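**Q** Once you've had a glance at the structure underneath, I'll fire off some questions.
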Amino acid sequence: MTPIEIEGRTAFVRQRRRSLIVDVVSTLLTIVAAVGIATVVVALMHRDAMGALHALLTGPLQRSTRVGNWLVLSTTLTLLGLAAVVPFRAGQISIGAEGQLYLGALCGALVATKVHLPSPLAPVIVSVVAALAGGLAGAVPGLMKSRLGANEIVSTIMLNAVIVQLFDWTLRTKLKSPRQVAPVSDNVLPAARWPKLTTLFNTSLGRANIGVFVAVAMAAAVWALLQRTSLGYRMRLVGSNPQFAEYGGVDVPRVIDWSFVLGGALAGLAGAHLLLGVYGRLEPGMASGLAFLGIVVALLARNNPLIVVAAALFYGYLQVGGDAMEQQTSVGAELVICIQAVIVLLITARALPTILARVRKGRGA
Amino acid sequence: MNVVHAIASVAFFAAVLRVSTPYLCAALGGVLAERVGLANIALEGQMLTAACVGALVSGLAHSMWLGAITGVCSGALVAVLLAAAHLELGADPIIAGIGMNILASGGTMFAVFALLHEKGGTTSLASGTLPRLRIPVVGRLPVLGPIISGQSIATYLAIALVPMSAWLLQRSRFGFHVRAVGEAPAAAAMVGIQAKRVKYATLALSGALAGLGGVFLSMSAVSFFVRDMTAGRGFIALAAVFLGGVRPVGAAVAAVAFGTAEALAIQLGNFHVPTQLITAVPYLLTVIALGVSAGRRKRAEVARATG
C-alpha cells in the first residue's frame with residue numbers, strides 16, 4: 001500500500017471507530033433518558049416510586065426462575081431482532097416476523113405431532129421445518145416486492161393477519177388436543193424438545209433451554225453473513241444504495257428475495273424456540289406482540305447483529321423487571337411498555353444529536 | 001335458522017354498517033395522510049388513544065359529548081406528535097409510527113390504572129354512549145328502515161365523511177395543497193405552499209378521523225374501554241387505504257368489505273363454519289390486489305420506458 005492509501009485507511013478506521021462510539025453512547029443515553037422519564041412519571045404518580053424502581057431494576061435477578069424467564073424472553077427477542085435486521089440491512093422494512101413465526105411454529109408442530117421422527121434427530125428436523133416455513137412466509141412479500149414492486153410494509157402486515165387466522169383455525173380444529181378443553185395442541189414428544197438448561201446445569205431456570213446458545217450462534221452467523229460473505233455485502237450495498245448496486249451489476253431483486261427469506265427463516269426459528277423450547281405445544285396467541293419488540297430490538301441495536309444480543313438481553317430484563325415490579329408494588333407493568341415506546345421514539349429521532357449540537361453551538365456563540 | 005337466513009337478515013346488514021364504522025373512519029384518515037406523503041402507520045395507536053380518552057373523560061366528567069370530543073382531539077394529538085417526530089426530529093415515519101402504537105398500548109393502560117386502579121379496562125366506570133338516531137320517515141320503511149335507522153350518530157357521520165373527504169381532497173384548496181405536497185413537493189415549494197404546515201394539518205385531520213373510529217369503539221359499540229380494544233383495526237384500515245387505491249371512496253368500499261367479512265365471521269360463529277378462514281379472506285384479497293396493482297404499475301412503467 002502506498003503511504004496515501006495507508007493514511008486514508010487509518011483515517012477511515014478512526015472515523016468508523018468514532019461513529020461506533022457515538023452509536024453506543026447515544027444508545028446508552030437513550031436508555032438512561034427513557035428510564036429517567038419513566039422514573040419521573042412514577043415519582044409524580046406513586047408514593048412507592050423508589051420501591052418500584054428497585055423492583056424493576058433488581059427484580060429479574062432475585063429468583064432463579066426469573067433469570068430463566070429473562071433468558072427465554074431474550075432468546076426469542078434475539079431471534080426476532082435478527083429476523084428484522086437482515087431485511088432492514090437490505091433496505092426492506094419487513095414487519096412480517098409475526099406471521100413467519102406463527103407459520104414456523106405451526107408447521108413445526110404439524111411435523112412434530114403427526115410424523116414419526118427418529119428420536120435423536122427430531123428437534124433438529126422440527127427446527128429446520130419451522131425455519132423453512134418461516135422462510136417461505138418471508139419469500140411471498142419478498143417476491144412481491146422484488147418482482148412487482150409491491151409495498152412490503154402493507155403486504156407483510158396483511159400476510160401476518162392471514163397467517164394468524166390460519167394458525168388459530170388449525171389450532172382449534174386439526175391440532176387441538178382431545179384431552180384439553182382449551183384450544184391447545186398436544187404436547188410435543190419430550191425427545192423432540194430442545195433440552196432445558198435446568199437439566200443441563202442442575203439449577204431451576206424455569207423454561208430456559210439451549211435456545212440461548214442457538215440465538216447467540218445465529219447472531220454470530222448473521223454477523224458473518226453480513227460482513228464476511230458476498231451475499232451479505234450485496235445486501236448492504238442494496239440497502240445503502242440500490243441504484244448504485246444495480247449499476248455495479250448486483251442482481252437487486254434476488255438480493256431482496258434472499259433478505260426476506262433469511263429473515264423469515266430466523267423468525268421461523270423463533271417459532272421453533274417457542275414450540276420446542278418454551279411451551280412444548282402450540283397455544284393461542286403464544287407470540288403476540290413479540291415480533292414488534294423484535295423490530296424495536298433491531299432498532300436499539302442499530303441493525304448490528306452482535307449488538308442485537310445485548311439489546312434483547314436489555315429488553316428481556318426490562319420486561320421481566322416490569323413483571324416483578326407489578327407483583328411487588330402498585331406500579332403496573334404498562335410502565336415498561338411506555339419505556340419501550342419512548343426508547344423507540346428517541347432512537348428514531350435521528351436529528352436529536354444535530355439539534356443538541358445546534359443548541360450547544362448557539363450557546364457558545 | 002340456517003346460514004342463508006342469518007346472512008340475509010336485516011340484523012346482519014345493520015351489523016355490517018355498525019362493524020364497518022371504525023374501519024371507515026380510520027381508512028379515510030389513512031387516505032389523507034398517505035396523500036400528503038406521510039404514511040400514518042399509527043392509525044391503530046390513534047384509535048386506541050381516542051377510545052381510552054373518550055371512555056375516561058366521559059365517565060369521569062359525566063359528559064358524553066366532552067368525552068367524544070376530547071377523544072377525537074387526542075387522536076389528532078397523537079398524529080401531530082408522529083408528524084413532529086418525522087418533521088422536526090427526522091424520524092422515519094414508519095418506525096416512529098410503530099413507536100407511537102406501542103406508546104398508545106402502554107400509555108392507555110397506564111392511564112387507566114393510574115386513574116381507576118384497574119388492570120383490564122374501564123368496565124367499572126359508567127361512561128356514556130353516543131346517541132342513536134332514529135330517522136323519522138326512513139325508519140318506517142319495511143326493510144331499509146331497521147338497517148339505516150337507529151344506528152349510532154358516529155356511523156352516520158362516518159358515512160357522511162366519505163363524500164366530504166373526497167370533496168376535500170379533489171375539490172378544495174386545502175386538498176389541492178395536500179396532493180401537491182404529496183405528489184410534487186418541489187413544485188409545491190416553488191409556488192409557496194408551506195409543506196410542513198400542510199403536513200401537520202393533514203396528519204391532525206387523519207388522527208382525528210382515526211380518533212372518531214376509536215371513540216365509536218368505546219362509546220357506541222360498547223360503553224367502556226378494554227386493553228388493546230382496537231385489536232389491529234388500525235392496520236386493517238391501512239389495508240383498506242391501499243386496497244381502495246388511496247382514494248376516499250375506494251378506501252370506503254374496501255373498509256365496508258372488511259366490515260362485512262367481520263360481521264359475517266361474527267354471524268357465522270354459531271354455525272360450524274371456520275370463522276377464522278372467513279376473517280382471513282379480506283387480508284388475502286388485499287395481498288393479491290396489492291400484487292396485481294403493483295404488477296400493473298410496473299408493466300406500465302416498463303412500457304413507458306421502452307416505448
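**Q** Of everything in the stretch A:81-99, what is over 20 Å from A:F244 (Cα atoms) and either outside any helix (DSSP H, G or I) or free of Cβ contacts under 8 Å to residues at least 40 places away in the same chain (or both)? Give them in sequence order.
**A** Selection gives A:S94, A:I95, A:G96.
**Q** Of the residues A:A52, A:A84, A:A34, A:A90, which is under 20 Å from A:S288 (Cα atoms) and open to solvent by less than 10 Å² (accessible area, probe 1.4 Å)?
**A** That would be A:A84, the only listed residue that is under 20 Å from A:S288 (Cα atoms) and open to solvent by less than 10 Å² (accessible area, probe 1.4 Å).
**Q** Another one. Please specify each residue of the stretch A:285-305 satisfying the condition of being small (G, A, S), within 12 Å of chain B (Cβ to nearest Cβ) and surrounded by 23 or more Cβ atoms within 10 Å (Cβ to Cβ).
**A** Within the stretch A:285-305, the first condition is being small (G, A, S), and the residues that meet it are A:285, A:287-289, A:291, A:294, A:298, A:301.
From what is left, the residues that are within 12 Å of chain B (Cβ to nearest Cβ) are A:285, A:288-289, A:291, A:294, A:298.
Selection gives A:A291, A:G294, A:A298.
**Q** Sticking with this one: Taking into account only those residues within the stretch B:27-45 that are assigned to a helix (DSSP H, G or I) and more than 14 Å from chain A (Cβ to nearest Cβ), which is farthest from B:A91 (Cα to Cα)?
**A** Of everything passing the filter in the stretch B:27-45, B:L28 is farthest from B:A91 (Cα to Cα).
**Q** Going residue by residue through the stretch A:122-141, is there one that turns out to be polar (S, T, N, Q), in a helix (DSSP H, G or I) and under 30 Å from B:A294 (Cβ atoms)?
**A** No, that holds for no residue.
**Q** Then there's this: Looking at the stretch A:235-263 only, could you name the residues that are without any contact (Cβ under 8 Å) to a residue 60 or more places away in the chain and more than 16 Å from A:G142 (Cα to Cα)?
**A** A:L237, A:N241, A:Q243, A:F244, A:A245, A:E246, A:Y247, A:G248, A:G249, A:V250
**Q** Is it the case that B:A126 is away from every other protein chain (no Cβ under 14 Å), of a type in the set (A, V, I, L, M, F, W, C) and farther than 22 Å from A:L299 by Cβ?
**A** Criteria met by B:A126.
**Q** Determine if the stretch A:9-21 includes at least one residue that is surrounded by 13 or more Cβ atoms within 10 Å (Cβ to Cβ), of a type outside the set (D, E, K, R) and under 26 Å from the mean Cα position of the chain (by Cα).
**A** Yes, that holds for at least one residue.
**Q** Follow-up. Open to solvent by less than 40 Å² (accessible area, probe 1.4 Å), over 20 Å from the mean Cα position of the chain (by Cα) and within 14 Å of chain B (Cβ to nearest Cβ) - does that describe any residue in the stretch A:183-196?
**A** Taking every residue of the stretch A:183-196 in turn, at least one turns out to be open to solvent by less than 40 Å² (accessible area, probe 1.4 Å), over 20 Å from the mean Cα position of the chain (by Cα) and within 14 Å of chain B (Cβ to nearest Cβ).
**Q** How many residues are surrounded by fewer than 24 Cβ atoms within 10 Å (Cβ to Cβ), more than 7 Å from every other protein chain (Cβ to nearest Cβ) and under 23 Å from the mean Cα position of the chain (by Cα) if we restrict to the stretch B:102-119?
**A** Total satisfying the criteria: 1.
**Q** Here's something else I'd like to know. Within the stretch B:269-283, track down each residue that is under 22 Å from the mean Cα position of the chain (by Cα) and more than 8 Å from every other protein chain (Cβ to nearest Cβ).
**A** Scanning the stretch B:269-283 gives B:I278, B:V281, B:P282.
**Q** Any residue at all in the stretch B:284-292 that's within 14 Å of chain A (Cβ to nearest Cβ), at pLDDT 85 or above and closer than 30 Å to B:A104 by Cα?
**A** yes
**Q** Additional query: Look at B:A252 and say whether it is among the hydrophobic types (A, V, I, L, M, F, W, C), in contact with a helix residue (DSSP H, G or I) (Cβ under 8 Å, 6 or more places away or on another chain) and open to solvent by less than 40 Å² (accessible area, probe 1.4 Å).
**A** Answer is yes for this residue.
**Q** Of these, A:A265, A:A270, A:A245, which one is of a type outside the set (S, T, Y), in a helix (DSSP H, G or I), touching a Leu at 6+ places or on another chain (Cβ under 6 Å) and buried (at least 23 other Cβ atoms within 10 Å of the Cβ)?
**A** Residue meeting the stated conditions: A:A270.
**Q** If only one of A:L148, A:L159 is at negative phi, open to solvent by 30 Å² or more (accessible area, probe 1.4 Å) and within 14 Å of chain B (Cβ to nearest Cβ), which one is it?
**A** A:L148
**Q** Also, quick follow-up: Spot the failing condition for A:V128; the list is (1) among the hydrophobic types (A, V, I, L, M, F, W, C); (2) within 11 Å of another protein chain (Cβ to nearest Cβ); (3) out of contact with any Asp or Glu (no Cβ under 9 Å at 6 or more places or on another chain), and only one is missed.
**A** Against the list (1) among the hydrophobic types (A, V, I, L, M, F, W, C); (2) within 11 Å of another protein chain (Cβ to nearest Cβ); (3) out of contact with any Asp or Glu (no Cβ under 9 Å at 6 or more places or on another chain), A:V128 comes up short only on (2).
**Q** Within the stretch A:103-119, is there a residue that is open to solvent by 20 Å² or more (accessible area, probe 1.4 Å) and within 14 Å of another protein chain (Cβ to nearest Cβ)?
**A** Yes, the stretch A:103-119 contains a residue that is open to solvent by 20 Å² or more (accessible area, probe 1.4 Å) and within 14 Å of another protein chain (Cβ to nearest Cβ).
**Q** Could you grab the pairs with beta carbons closer than 9 Å, sequence gap of 6+ or different chains, first residue in the stretch A:325-339 and outside any helix (DSSP H, G or I), second one of a type in the set (K, R)?
**A** As it stands, the answer is A:S330/A:R47; A:G332/B:K119, since those pairs meet every condition given.
**Q** Ok, one more. Under 6 Å by Cβ, and 6 or more places apart or on different chains, what pairs join a residue from the stretch A:40-55 that is among the charged types (D, E, K, R) with one that is modelled with pLDDT under 80 and open to solvent by less than 30 Å² (accessible area, probe 1.4 Å)?
**A** As it stands, the answer is A:D48/A:T329, since those pairs meet every condition given.
**Q** Scan the stretch B:182-238 residue by residue and report those that are in contact (Cβ under 8 Å) with a residue 24 or more places away in the chain, open to solvent by 50 Å² or more (accessible area, probe 1.4 Å) and either touching a His at 6+ places or on another chain (Cβ under 6 Å) or charged (D, E, K, R) (or both).
**A** B:E183, B:K196, B:R227, B:D228
**Q** Separate question: Do the conditions hold for B:A257, that is, is it surrounded by fewer than 22 Cβ atoms within 10 Å (Cβ to Cβ), small (G, A, S) and over 15 Å from A:I163 (Cβ atoms)?
**A** Yes; evaluated as a whole, the condition is true for this residue.
**Q** Any idea how many residues of the stretch B:231-250 are touching an Asp or Glu at 6+ places or on another chain (Cβ under 9 Å) and part of a helix (DSSP H, G or I)?
**A** 8
**Q** Oh, and also: I need the full set of residues from the stretch B:239-249 which are farther than 17 Å from B:A294 by Cβ and open to solvent by 30 Å² or more (accessible area, probe 1.4 Å), in order please.
**A** Within the stretch B:239-249, just B:V249 meets the criteria.
**Q** Could you tell me which of the residues A:V164, A:V140, A:V181 is of a type in the set (V, I, T) and touching a residue at least 40 places away in the same chain (Cβ under 8 Å)?
**A** A:V164
**Q** Could you tell me which numbered condition A:D257 fails, if it satisfies all but one of (1) away from chain B (no Cβ under 14 Å); (2) modelled with pLDDT of 90 or more; (3) crowded, with 17+ Cβ neighbours inside 10 Å; (4) closer than 23 Å to A:V67 by Cα?
**A** A:D257 satisfies all of (1) away from chain B (no Cβ under 14 Å); (2) modelled with pLDDT of 90 or more; (3) crowded, with 17+ Cβ neighbours inside 10 Å; (4) closer than 23 Å to A:V67 by Cα except (4).
Results for (1) closer than 25 Å to A:T39 by Cβ; (2) within 14 Å of chain B (Cβ to nearest Cβ); (3) at pLDDT 85 or above; (4) open to solvent by less than 10 Å² (accessible area, probe 1.4 Å), shown as yes or no for each residue.
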{"position": "A:L276", "(1), (2), (3), (4)": "no, no, yes, yes"}
{"position": "A:E283", "(1), (2), (3), (4)": "no, no, yes, no"}
{"position": "A:Q319", "(1), (2), (3), (4)": "yes, yes, yes, no"}
{"position": "A:A324", "(1), (2), (3), (4)": "yes, no, yes, yes"}
{"position": "A:I339", "(1), (2), (3), (4)": "yes, yes, no, yes"}
{"position": "A:R360", "(1), (2), (3), (4)": "no, no, no, no"}
{"position": "A:G364", "(1), (2), (3), (4)": "no, no, no, no"}
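The values are calculated or read from the model by the stated rules, or taken from the named source; none is laboratory data. Everything numeric in this text was worked out from a predicted model, so none of it was measured. Counting neighbours? That spans all protein chains shown, and the Cβs are built from the backbone with ideal geometry, glycine included. Protein only, heavy atoms only, side chains kept; ligands, DNA and RNA dropped before computing areas. Shrake-Rupley method; radii C 1.70, N 1.55, O 1.52, S 1.80 Å.
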